[in-house]
Amino acid sequence: MQNLILVGPMGAGKSTIGRLLAKELRLPFKDSDKEIEQRTGASIPLIFDVEGEGGFREREHAAIADLCLLNGVVLATGGGAVLQEDNRRALRSGGQVVYLCTSVDQQLERTSRDRNRPLLQAADPRAVLETLMAVRDPLYREIADIVVETDERPPRLVVMEILERL
Ligand code: S3P
């Protein structure tokens with residue numbers, strides 16, 4: 001069975017929706033950030049602290065390459081997983097790709113109390129999210145088989161739409 005791969009920005013709901021989808025489909029749930037943390041034995045913020053974003057991206061690349069070789073899993077990816085062309089190729093050939101499309105307003109609302117995202121510890125997280133979105137939205141769309149709107153929609157509704165469109 002093909003994998004189901006969720007891409008999209010921070011705060012899109014990839015982990016929440018991925019877990020629900022996995023439950024519905026009775027498949028294992030995988031999360032690239034969790035995989036990196038397990039392999040490294042360190043949290044994402046500590047990896048950024050010690051190795052910088054470059055070090056994190058190398059670890060992310062290795063995790064994505066391996067996770068995409070699995071069969072029959074639901075995989076949630078970090079928001080920047082689409083940045084490297086190699087990753088985009090692996091994700092595309094790794095399964096059906098669902099882009100959880102989300103506005104910057106919603107991203108801010110969903111991430112405002114979260115201290116686990118180093119890129120959002122800047123003075124102006126809105127400006128960061130807008131800049132990231134401008135670069136990444138075309139990349140998410142480039143590899144997506146399905147684009148699903150998640151703004152103001154409960155996760156269960158998003159899950160139903162994905163299941164209907166698979
Ligand atoms: C990042 C998103 C995070 C995590 C890391 C970098 C990004 O994952 O991989 O902090 O570059 O957008 P989530 O999208 O799950 O928050």
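Which one of these does Val50 not meet: (1) under 20 Å from Glu149 (Cβ atoms); (2) outside any loop (DSSP other than H, G, I, E, B); (3) among the β-branched types (Val, Ile, Thr)?
Only one criterion is unmet by Val50, namely (1).
Tally time: how many residues in the range 36-47 are under 20 Å from Ala122 (Cβ atoms) and part of a helix (DSSP H, G or I)?
Residues meeting the conditions: 4.
Being more than 12 Å from the ligand (Cβ to nearest atom) and of a type in the set (Gly, Ala, Ser) is the filter; apply it to the range 1-51 and report the residue that is farthest from Arg110 (Cα to Cα).
Gly41
With the range 67-166 as the region, which helices (runs of 4 or more DSSP H) entirely inside it contain at least 1 residues that are polar (S, T, N, Q), more than 20 Å from Phe29 (Cα to Cα) and within 16 Å of the ligand (Cβ to nearest atom)?
Counting at least 1 such residues, we get 104-111, 125-143.
Return the pairs, sorted by first residue and then second, in which the second residue is aromatic (Phe, Trp, Tyr) and surrounded by 15 or more Cβ atoms within 10 Å (Cβ to Cβ), the first residue lies in the range 45-57 and is farther than 9 Å from Pro118 by Cα, the beta carbons are less than 9 Å apart, and the residues are 6+ apart or on different chains.
Ile47/Phe56; Gly55/Phe48; Phe56/Phe48
Which residues, counting only those in the range 16-35, are closer than 21 Å to Arg92 by Cβ, in a helix (DSSP H, G or I) and in contact (Cβ under 8 Å) with a residue 40 or more places away in the chain?
Ile17, Gly18, Leu21, Ala22, Leu25, Ser32, Asp33
Six or more apart or on different chains, Cβ atoms under 8 Å: show the pairs whose first residue is in the range 61-75 and at pLDDT 95 or above and whose second is acidic (Asp, Glu).
From residues that are at pLDDT 95 or above, the pairs are His61/Asp86; Ala63/Glu35; Ala65/Asp86; Asp66/Glu35; Leu67/Glu35; Leu75/Asp31.
The values are calculated or read from the model by the stated rules, or taken from the named source; none is laboratory data. None of these values were measured; they are calculated from a predicted model. We place every Cβ from the backbone using ideal geometry, glycine too, and count neighbours over all the protein chains shown.
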